[in-house]
Amino acid sequence: MFLSVFEMFKVGIGPSSSHTMGPMVAAARFLDLMRTSPFTFRGVRGSLHGSLAFTGIGHATDRATILGLAGFQPETYDHAKAQSTLEEIRDSHVITPPGLPALKFNPKDDLRFDFGPNLPGHANGMILMATDAQGDVVLQETYYSVGGGFVVDARELSQAKDLDSSTGVPYPFKTAEEMLHMAETSGKSIAQIKRANEVSCSGHDQVTSGIARIWKVMSDCIERGLVQDGTLPGGLHVKRRAKGIYDALMDERGKNLVAPHTINDWMCVYAMAVNEENAAGGQVVTAPTNGAAGVVPAVLRYYLDHVPGASSKRIEEFLLTASAIGGLVKFNASISGAEAGCQAEVGGASAMAAAGLCSVLGGSPEQIENAAEIALEHHLGMTCDPVKGLVQVPCIERNGLGAIKAVSAASLALRGDGTHLVPLDACIETLRQTGVDMSDRYKETSLGGLAVNVPNC
């Protein structure tokens with residue numbers, strides 16, 4: 001099994017990797033399918049299913065799908081251009097994708113929210129259709145947004161577990177047990193194993209520059225979030241808090257009255273800065289998802305700014321180690337809140353961050369695996385119940401607490417020798433089973449939990 005660091009960490013836009021980035025990517029894939037088709041097209045239609053329907057408005061899924069059909073992609077997204085394009089489509093009822101003729105599309109009629117049962121493959125399903133001059137469907141494809149911006153069609157989903165994506169990779173591992181065995185037999189760290197795999201696919205320079213870019217986007221996102229104030233969009237009237245907290249923390253620096261537990265506020269404010277930017281539709285990095293995008297950068301920023309002896313030269317080690325753990329969670333369970341609740345998203349992110357921090361603090365492979373397990377274990381059972389379908393409450397604060405748990409998990413693991421009762425593999429399998437058992441009301445549908453017990457308007 002091989003999932004690249006650049007698959008786990010993808011540059012995109014908020015507020016959701018599965019509900020915003022995924023549908024935009026799916027629409028781009030459908031355009032590619034249309035471009036290679038022998039048919040002559042005159043219109044497009046679509047339907048959103050499962051969680052994409054129930055929380056689609058709050059996650060801007062309709063907007064993302066329309067923009068994807070117009071040729072927009074997450075990594076190169078231009079907000080101002082997107083706004084003008086949406087207005088043109090709503091006025092003209094025409095979409096003009098690159099390389100295709102003008103297509104009839106009325107946003108009110110041609111993109112349908114289906115609140116019935118989920119499509120069979122996944123809770124995040126969507127169907128895209130292209131029509132001829134008579135309005136008959138001549139091309140149709142089903143896509144599933146499976147978390148973290150990953151998109152598969154129905155055929156790919158059915159074959160996913162049978163595909164061997166590790167061809168040519170020197171250190172393929174599907175489980176934490178295999179990963180630890182390879183580290184022991186090779187004498188390499190988890191980050192070194194992961195880097196060797198990446199280099200075999202992309203080359204040394206591309207890996208180095210790519211990871212540097214990932215951290216720059218993460219860091220820039222933190223910085224933007226720390227200076228922005230105002231109210232987040234969506235109707236909940238949630239005020240940005242990161243700037244106020246950060247300003248207060250900066251004012252307190254150097255004063256003798258600061259309590260030791262204030263370090264928790266620093267971890268939280270970095271994470272909240274990212275997730276407020278995400279909620280506002282800003283540029284973020286999936287880590288492993290948008291809803292959990294604040295945990296990994298917050299813990300890395302904590303390491304760089306608050307840990308004595310920290311070195312920016314170890315940023316790559318941190319992110320490579322984190323992505324190795326994220327790949328195990330995705331492959332063996334899920335990183336999708338719509339599939340397994342927030343245990344998959346923030347729990348997965350916390351495990352990734354704990355592993356990364358443990359590594360740069362000198363942890364052994366066994367201690368790193370232990371750190372990831374501790375962080376993930378204590379998110380098991382966590383539901384995904386966003387109020388009004390927005391990635392704001394409880395998501396923003398939850399990232400801060402996920403960062404605190406990650407640091408605590410790394411610290412606990414470093415106090416031991418790596419031996420522990422519950423293996424990471426068992427914890428990941430428990431996540432998967434818990435996700436299967438969890439009611440759909442608590443899996444990003446906003447039909448249960450805080451979403452129905454907190455006034456949302």
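Only the coordinates and a few stated rules stand behind these numbers; no lab work does. Predicted, not measured: the structure shown is a model, and the values here were computed from it. All Cβ positions, glycine included, derive from the backbone under ideal geometry; neighbour counts span all protein chains shown.
For this structure, a couple of remarks:
- The angle between the Cα long axis of helix 79-92 and the longest principal axis of the Cα atoms of the chain comes to about 20 degrees, rounded to the nearest 10.
- Helix 315-332 and the long axis of the chain differ in direction by around 60°, with both axes built from C-alpha atoms.
- Packing here is the average count of other Cβ atoms within 10 Å per residue, and on that basis the peptides 254-261, 341-348, 177-184, 316-323, highest first, run 341-348, 316-323, 177-184, 254-261.
- A protection proxy built from the mean count of other Cβ atoms within 10 Å ranks the segments 378-385, 28-35, 44-51, 436-443, most packed first, as 44-51, 378-385, 28-35, 436-443.
- For segment 5-161, a crude dipole built from +1 on the beta carbon of Lys and Arg and -1 on the beta carbon of Asp and Glu, taken about the Cα centre, is about 100 debye to the nearest 20.
- √(5λ) per eigenvalue of the Cα gyration tensor, segment 332-425, largest first, Å: 26, 13, 9
- Of the peptides 66-74, 395-403, 108-116, the order by per-residue mean of other Cβ atoms within 10 Å, starting with the highest, comes out as 395-403, 66-74, 108-116.
- Note on segment 35-192: Lys pairs 8 or more places apart or on different chains, Cα atoms under 28 Å apart, count 5.
- Per-residue ellipticity at 222 nm from helix content only, as computed over the chain with -39500 (n - 2.57) for each DSSP H run of at least four residues, stands at -16000 deg cm²/dmol.
- Gain upon complete extension [residue 253, residue 436; 0.36 nm per residue less C-alpha separation]: 61.2 nm
- Neighbour-count order for 263, 335, fewest beta carbons within 10 angstrom listed first: 263, 335
- Fewest-first ranking of 7, 276, 252, 87, using other Cβ atoms within 10 Å as the exposure measure: 87, 252, 7, 276
- Reported to the nearest whole Å, the Cα centre-to-centre distance from segment 251-329 to segment 387-406 is 13.
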